[in-house]
Amino acid sequence: QVRLVESGGGLVQAGGSLRLSCAASGSIFSINAMGWYRQAPGKQRDVVATITGAGSTHYADSVKGRFTISRDNAKNTLYLQMNTLKPEDTAVYYCNGELKATPAGRYRDYWGQGTQVTVSS
């Protein structure tokens, strides 16, 4: 059973910082691309940042220069460093990963349960 568990969310004032973590656990043979998504109340879930297995990154225009995605492959952990936070960054942040459990298996998509980030003005 593969699980993705996010942590690090909370309440912060505008201009502040938070660091989100996403730990993958269970039967894991390999992890391909991973990413962070967010969903504000009444809105669709949107991509924030993604990172390939090789380390190439992509960011939504709204977070470029403020957020940094990274991963520690030895720990099966994904990170999102969020600086200069704005009220419009308020959302539930979800971790996503493409994982396979066995060498012969295929990659499947997994989601974490989400962590709330609230930025006050």
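The values are calculated or read from the model by the stated rules, or taken from the named source; none is laboratory data. These figures come from a predicted structure and were not determined experimentally. Cβ atoms come from the backbone with ideal geometry, glycine included; neighbour counts cover every protein chain shown. Only protein heavy atoms, including side chains, enter the accessible area calculation; ligands, DNA and RNA are left aside. Shrake-Rupley method; radii C 1.70, N 1.55, O 1.52, S 1.80 Å.
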- Note on the structure: Conditions (1) surrounded by 15 or more Cβ atoms within 10 Å (Cβ to Cβ); (2) touching a residue at least 12 places away in the same chain (Cβ under 8 Å) -> residue 59 fails only (2)
- Those residues of the range 86-99 which are over 19 Å from residue 55 (Cβ atoms) and either of a type in the set (Asp, Glu) or modelled with pLDDT under 95 (or both) amount to 88, 89
- Determine whether residue 9 is open to solvent by less than 60 Å² (accessible area, probe 1.4 Å) and either of a type outside the set (Phe, Trp, Tyr) or at pLDDT 95 or above (or both). yes
- Query: Is there a residue in the range 38-48 that is in contact with a strand residue (DSSP E or B) (Cβ under 8 Å, 6 or more places away or on another chain), among the small types (Gly, Ala, Ser), touching a residue at least 24 places away in the same chain (Cβ under 8 Å) and not in a strand (DSSP E or B)?
  - Reply: yes
- Query: Across the range 73-121, what is the number of residues that are among the acidic types (Asp, Glu) and farther than 17 Å from residue 26 by Cβ?
  - Reply: 2
- Output the residue which, of all residues in the range 12-37 that are surrounded by 13 or more Cβ atoms within 10 Å (Cβ to Cβ) and assigned to a loop (DSSP other than H, G, I, E, B), is modelled with the lowest pLDDT. 28
